[in-house]
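Everything on this sheet refers to the single structure shown next.
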Amino acid sequence: MVRLQKFLSEAGVTSRREGEKLILAGRVTVDGQVVRLLGTKVHPSKNEVTLDGRPIRAKAKRFVALNKPPKFLCTRHDTHDRRTVFDLLPADWGHLFTIGRLDADSEGLILLTNDGEFCQKVAHPSHGLLKTYRVTLAKRLELETLKQLTVGLSDKGDFLKAKSAHLISANNTRSEAELVLADGKNREVRRMFKALGFRVLRLQRVAVGPVRLGELPLGKWRMLSRAEVASCLKPRVKSPRPPRRN
């Protein structure tokens, strides 16, 4: 059972907020009866929902992995007519929404879906789904500096910390590292390295939980497997807290 406005949104009819307006206006019926109560719930496969007399069918649940190129935005529409990730998807998939975001200059794995419950659970930090990033820097990164990321640092009132950090390569002009984050604060990787005096040349997300970017070409997408969807929803085991010392 889902709320009627959510059903309208996931069916690709309108946004959830606009759906509420349609319901209040008396334009939506459930099993032939006009419904004006926003809390009304429907069963997508059992109840007949219409808008202005036109039957509304539930869309199949989609779970998509996309390799976002740089300069593409993680939004459905842009007021400056810039390219978005939806330009890379089939035209009739406009009802999907992104699970989290990558900034315009970053690239890599983005998950999209039309399943609101899946999105909320996977996106919430309490679910414990880790995100892995590959970063290229404009100068040598020393191991001692890299360790500061796992200790944590403050930036503009936020405490930023990587769960783990691994140095892949380093020379006098360029370094490459892999970071695993749990919180996913806005532009967190870029902010951490900027605070340490580093310029990021390239930032790529290579994994979200059990879903890996792998060999997916830049700008291309694929459907998640059932096993990947199930694994994303599986509760993460949290590390036990160390015992208190007397």
**Complete:** When the charge dipole of the chain is computed with +1 at the Cβ of Lys and Arg and -1 at the Cβ of Asp and Glu, the Cα pointing farthest to the positive end, of Val28, Ala207, Gly152, is that of Gly152
**Prompt:** Using a basic spin-label model with each label point 7 Å from the Cα along Cα→Cβ, how many nm lie between Ser45 and Ser231?
**Reply:** 2.7 nm
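Magnitude of the Cβ-charge dipole of the range 2-56, K/R +1 and D/E -1, about the Cα centre, nearest 20 debye? Walk me through the numbers on the way to the answer.
Values: 10 positive and 6 negative charges, 37 e Å.
Using only the charged Cβ atoms, the result is roughly 180 debye.
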**Item:** Pairwise FRET efficiency - Ser154 versus Met223, Cβ, R0 = 45 Å, nearest 0.05
**Value:** 0.65
**Prompt:** In nanometres, what is the gap between the two model label sites at Arg76 and Met1, each 7 Å from Cα along Cα-to-Cβ?
**Reply:** 2.7 nm
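Roughly how many debye, to the nearest 20, is the charge dipole of the chain about its Cα centre, given +1 on each Lys and Arg Cβ, -1 on each Asp and Glu Cβ, and no other charges?
So the magnitude is around 660 debye.
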**Message:** Take the residue pairs Lys21/Lys68; Lys156/Lys220; Lys6/Lys161; Lys6/Lys156; Lys71/Lys139; Lys61/Lys220 and return only those whose Cα atoms are more than 30 Å apart.
**Reply:** Lys21/Lys68; Lys156/Lys220; Lys6/Lys161; Lys6/Lys156
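The numbers here are math on the coordinates, done by the rules we state, and not lab data. The shown structure was predicted, so the numbers you read here are calculated from the model rather than taken from an experiment. So basically every Cβ, Gly included, is an ideal-geometry build from the backbone, and we count neighbours across all protein chains shown.
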